[in-house]
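Novice: Got a structure for you, questions after.
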Amino acid sequence: MERKNVITTDMSREVVTLKMKKCIVLSVLCVLLLCLYNGWLRVPGGLTPINPTALCNRSTNTSRNVTILLWYWPFSVSDNLEGHVCWDLYRIPRCSLVDKRSLFSSADVVVFHNRELIQGRQELPFALPRPQCQRWAWMSLEAPVHNGNLRPFADIFNMTITYRRDSDVTAPYGELLPKETGGHLVANDLRNKSSLVCWVVSNYQSYHKRSQVYSELNAAVPVKVYGQWTKNSLSSTDLLPTISRCYFYLAFENSLSKDYITEKLWKNAYQGGAVPVVLGPPLSDYKAVAPPNSFIHVDEFASVKELGKYLQELAKDKKRYNEYFSWQQEWKVKLNTDWRERLCKICLKYNSLPQHKVYSDLSAWAHSD
């Protein structure tokens, strides 16, 4: 009888011990899940396995103030953020733009410019506890070929800010704005035109598509070339006056990428007063943002030789040539060069963007067509 009681007591102890072990395991799992939920636990390499924004259930309040924190200034060139910049300069309400890292815990969006990240001059703040509803934005105005290796940035960013129209926040190099009052067409003074075609290029690489097209075109018609790699260097003050003396300007991009249309079109050609001959993204991308019948796309011709012939004929026909400027009656060009304006525009899109969005493969998105 005593032996039986001893066995029963030992079995009870084992059951109690097993239950305690289960409780300990469950407690550890709960702690781990809590750490993951709050972004306190990180895997090797500094990445957060679960993005905190994916767990954010806070209701959207369209009337509250949105704080945008720029973690560091692009290219180390800072600007004035005193006062209510977004409202004072761009009439964007309920939007605070700051660059003080001490405000990290209260920021709704933190913006990181890609160039400094891929060069290793800046790092993402993984060591800081990331607020549950905070969104991280990846910003780049470079073509994909210049964005470096983006694979380490998987499952980190919730928002993209680029020149592409399918970005969460689109930041084009330029855009058209309607004129407040209807204007009238001012015909170009063709007597000022002394060159048929001109091209200003600072980064000449023989393997670029634009260099190959230039060589073929120059064999068919004369092309006046300016830039640091030539004897005809131009100062910034001489740029537009020089282009104004050309019938056509080669607005050739260094990368043929989706929506990649830079100041070569918006500033050099349109503001310079020359008809742009464009090479870059497909014709449809230009048609989506540029005035109709305001540019000539290289892809519209079976050969570069045919393009050259068309330019010669068009320059001789004053009426047809001036039709390429008819858009100026209703539209004006706005150049987008202020980083502050680009950042303030985040507030205009903030409440309409998906709250749980995460770029699981930023590299694939950046290189998509």
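The values are calculated or read from the model by the stated rules, or taken from the named source; none is laboratory data. Just so we're clear, the structure is a prediction, and the values are computed from it rather than from any experiment. Note that we place each Cβ from the backbone using ideal geometry, even for glycine, and neighbour counts take in every protein chain shown.
Novice: Can you tell which of Tyr270, Tyr286, Tyr310, Tyr260 is over 24 Å from the mean Cα position of the chain (by Cα), at pLDDT 95 or above and assigned by TED's automatic domain parsing to the domain that holds Gln212?
Specialist: Working: Tyr270 fails: over 24 Å from the mean Cα position of the chain (by Cα); Tyr286 fails: over 24 Å from the mean Cα position of the chain (by Cα); Tyr260 fails: over 24 Å from the mean Cα position of the chain (by Cα).
Only one candidate passes the filter, namely Tyr310.
Novice: I've got another one for you. Any residue in the stretch 111-120 that is closer than 20 Å to Gly148 by Cα, aliphatic (A, V, I, L, M) and part of a loop (DSSP other than H, G, I, E, B)?
Specialist: no
Novice: Give me the residue from the stretch 246-285 that is assigned to a helix (DSSP H, G or I) and either among the small types (Gly, Ala, Ser) or in contact with a His (Cβ under 6 Å, 6 or more places away or on another chain) (or both) and, out of that set, farthest from Ser167 (Cα to Cα).
Specialist: Per the criteria, the residue is Ala269.
Novice: Another question, if that's okay. Residues of the stretch 299-323 being without any contact (Cβ under 8 Å) to a residue 24 or more places away in the chain, aromatic (Phe, Trp, Tyr) and assigned to a helix (DSSP H, G or I), which ones?
Specialist: Tyr310
Novice: Residue pairs, Cβ under 6 Å, 6 or more apart or interchain, first in the stretch 190-219 and touching a residue at least 12 places away in the same chain (Cβ under 8 Å), second polar (S, T, N, Q) and loosely packed, with under 15 Cβ neighbours inside 10 Å. List them.
Specialist: Between residues of the stretch 190-219 that are touching a residue at least 12 places away in the same chain (Cβ under 8 Å) and residues that are polar (S, T, N, Q) and loosely packed, with under 15 Cβ neighbours inside 10 Å, the close pairs are Ser202/Gln228.
Novice: Go through (1) surrounded by fewer than 21 Cβ atoms within 10 Å (Cβ to Cβ); (2) touching a residue at least 12 places away in the same chain (Cβ under 8 Å) and name the single condition Val110 misses.
Specialist: Every listed condition holds for Val110 apart from (1).
Novice: Within the bounds of the stretch 281-289, is there any residue that is closer than 30 Å to Asn149 by Cα, among the hydroxyl-bearing types (Ser, Thr, Tyr) and touching a residue at least 24 places away in the same chain (Cβ under 8 Å)?
Specialist: Start the filter on the stretch 281-289 by keeping residues that are closer than 30 Å to Asn149 by Cα, which leaves 281-286, 288-289.
Narrowing further to those that are among the hydroxyl-bearing types (Ser, Thr, Tyr): 284, 286.
Adding the requirement that they be touching a residue at least 24 places away in the same chain (Cβ under 8 Å) leaves 286.
Yes, that holds for at least one residue.
Novice: Here is a follow-up. Got a sec? Which of Ser352, Ser326, Ser294, Ser360 is free of Cβ contacts under 8 Å to residues at least 60 places away in the same chain, over 22 Å from Tyr260 (Cα atoms) and over 15 Å from the mean Cα position of the chain (by Cα)?
Specialist: Going through Ser352, Ser326, Ser294, Ser360 in turn, the sole match is Ser352.
Novice: Is at least one residue of the stretch 218-229 hydrophobic (A, V, I, L, M, F, W, C), under 31 Å from the mean Cα position of the chain (by Cα) and part of a helix (DSSP H, G or I)? Lay out the reasoning, then the answer.
Specialist: The initial filter retains those residues of the stretch 218-229 that are hydrophobic (A, V, I, L, M, F, W, C), namely 219-221, 223, 225, 229.
With the extra rule that they be under 31 Å from the mean Cα position of the chain (by Cα), the set shrinks to 225, 229.
Adding the requirement that they be part of a helix (DSSP H, G or I) leaves none.
Within the stretch 218-229, none of the residues are hydrophobic (A, V, I, L, M, F, W, C), under 31 Å from the mean Cα position of the chain (by Cα) and part of a helix (DSSP H, G or I).
Novice: Looking at (1) touching a residue at least 24 places away in the same chain (Cβ under 8 Å); (2) within 30 Å of Ser326 (Cα to Cα), can you tell me which one Thr181 breaks?
Specialist: For Thr181, the failing item is (1).
Novice: Counting only residues that are more than 20 Å from the chain's Cα centre (by Cα) and without any contact (Cβ under 8 Å) to a residue 24 or more places away in the chain, how many does the stretch 70-92 have?
Specialist: Total satisfying the criteria: 7.
Novice: Sticking with this structure for a sec: Restricting attention to the stretch 248-274, which residues are hydroxyl-bearing (Ser, Thr, Tyr) and surrounded by fewer than 23 Cβ atoms within 10 Å (Cβ to Cβ)?
Specialist: Our first condition is that a residue be hydroxyl-bearing (Ser, Thr, Tyr); within the stretch 248-274, this holds for 249, 255, 257, 260, 262, 270.
Of everything in the stretch 248-274, those that are hydroxyl-bearing (Ser, Thr, Tyr) and surrounded by fewer than 23 Cβ atoms within 10 Å (Cβ to Cβ) turn out to be Ser255, Ser257, Tyr260, Thr262.
Novice: Can you find a residue that is assigned to a strand (DSSP E or B), of a type outside the set (A, V, I, L, M, F, W, C), over 20 Å from Leu335 (Cα atoms) and touching a helix residue (DSSP H, G or I) at 6+ places or on another chain (Cβ under 9 Å) anywhere in the stretch 201-213?
Specialist: The answer is no, given that none of the residues of the stretch 201-213 is assigned to a strand (DSSP E or B), of a type outside the set (A, V, I, L, M, F, W, C), over 20 Å from Leu335 (Cα atoms) and touching a helix residue (DSSP H, G or I) at 6+ places or on another chain (Cβ under 9 Å).
Novice: Now for a different question. Keeping to the stretch 343-363, report how many residues are out of contact with any strand residue (DSSP E or B) (no Cβ under 6 Å at 6 or more places or on another chain) and among the aliphatic types (A, V, I, L, M).
Specialist: Of the residues in the stretch 343-363, 4 are out of contact with any strand residue (DSSP E or B) (no Cβ under 6 Å at 6 or more places or on another chain) and among the aliphatic types (A, V, I, L, M).
Novice: What is the one condition in (1) over 26 Å from the mean Cα position of the chain (by Cα); (2) crowded, with 17+ Cβ neighbours inside 10 Å that Arg210 does not satisfy?
Specialist: The one condition Arg210 does not meet is (1).
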